[in-house]
1. Suppose we keep just the DSSP beta bridges with both residues in the chain; what percent of those would be antiparallel, to 5?
2. What accessible surface, in Å², does a 1.4 Å probe find on Thr266, ignoring ligands, DNA and RNA and rounding to the nearest 10?
3. Given springs between every Cα pair under 10 Å in a Gaussian network model of the chain, which of Arg169, Arg205, Arg36 has the largest fluctuation?
4. Under the 0.36 nm per residue contour assumption, what length would be gained going from the current alpha-carbon distance of Leu24 and Asn154 to full extension?
5. Based on alpha-carbon centroids, what's the gap between the range 217-231 and the range 1-52 in Å, whole number please?
6. Put a dot 7 Å past each Cα toward the Cβ at Ala250 and Arg265; how far apart are the dots in nm?
7. Tell me, what is the percent relative contact order of the chain, built from C-alpha pairs under 8 Å that lie six or more residues apart?
8. Once phi is turned into ³J(HN,Hα) by the Karplus curve 6.51 cos²θ - 1.76 cosθ + 1.60 with θ = phi - 60°, what whole-Hz value does each residue of the range 167-172 show in order, with x for glycine and proline?
Amino acid sequence: ARGVVVVPPQVGALASGGHGNGRLAEPAAIVEYLRRALALAELPPHRSLRGQRVLVTAGPTREYLDPVRFLSNPSSGRMGLALARAAWRRGAHVELICGPTQVRMPGALPTAQVHRVTTCGEMLAKSLRLLPRTDLLLMAAAPSDARAAQPRANKVKKDDAGFLQPALRRTDDILLQLAGRKIRPFTVGFAAETHADLAAVQAKRRRKNLDLLVYNAISAANPAFDVATNQATLVPRDGAILALPSLSKAALAEAILDAVAEARRTDGLDPRP
Ligand code: CTP
């Protein structure tokens, strides 16, 4: 009632020699809590995500061909982590589903639930489990679009049949699975394209039934994957298209959440005054 913020203990090795929940929070986590308290004090109410459950997907997936080879892409997970952190700072309860990534989960998301997955199938299963409890879905992951029809149990030798032409299948499109549902969270998707115009991007937004699409025109100047900055264009269901300048992924995450707040306010979806 007095507005005290409790920084919870962390899980790990304990002074007793045991392992569990009871470690003093890391300094980075304490700093994050301070930043969050300060940010929340200044946030206009319509931008607050207090009481909201946000699901973020991040990073690539790996589709194994055999025990030592997989199909994947250069996604680092940075954009998804930036979104998770920004949503957490706005007061949300954040669940993060993260593919294999080297980017360290900052001690920065102390209350977030982090779910590590490897394949697109695992990401889909985890997403479907968490969706009924989700108000806002931020689909920043770059799941592989193809998988092995039959991953091989043993390493394939380069002289073996099929080594150069493994039989592939398409993976399930997680967003498309949600597209037809009546009850969906407010849904944000991403599209990284090298050859597209805004009409094609709008068509993808409609096909995936997205409330907001974050479009990256990939070029040598804007590789988007595995770099710290990103130039994006925000394409909402209704309302004006917003071409942003090149921003850090942290700043882009804030701009995306601002656009979500704006869209929900105009949609009348936002339950808060
Ligand atoms: N996505 C998804 N499930 C997949 C692949 C992608 O939910 N199996 C999501 C991504 O997280 C992203 C969006 O879909 O938010 C855009 O992915 P993209 O690959 O650009 O869409 P596609 O329809 O696969 O487009 P294309 O056929 O042009 O590759």
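The values are calculated or read from the model by the stated rules, or taken from the named source; none is laboratory data. Worth saying up front: this structure is predicted, and the values here are computed from it rather than measured. Note that each Cβ is placed from the backbone with ideal geometry, even for glycine, and that neighbours are counted across all protein chains shown. Side chains included, ligands, DNA and RNA excluded: accessible areas come from the protein's heavy atoms. Shrake-Rupley method; radii C 1.70, N 1.55, O 1.52, S 1.80 Å.
1. The antiparallel proportion sits near 40 percent.
2. So the heavy atoms of Thr266 present about 110 Å² to solvent.
3. Arg169
4. 42.4 nm
5. Using only Cα atoms to place each centre, the spacing works out to 32 Å.
6. Spacing of the two 7 Å Cα→Cβ label points: 2.4 nm.
7. 17 percent.
8. With coefficients 6.51, -1.76 and 1.60, one gets 5, 10, 10, 6, 7, 6 Hz.
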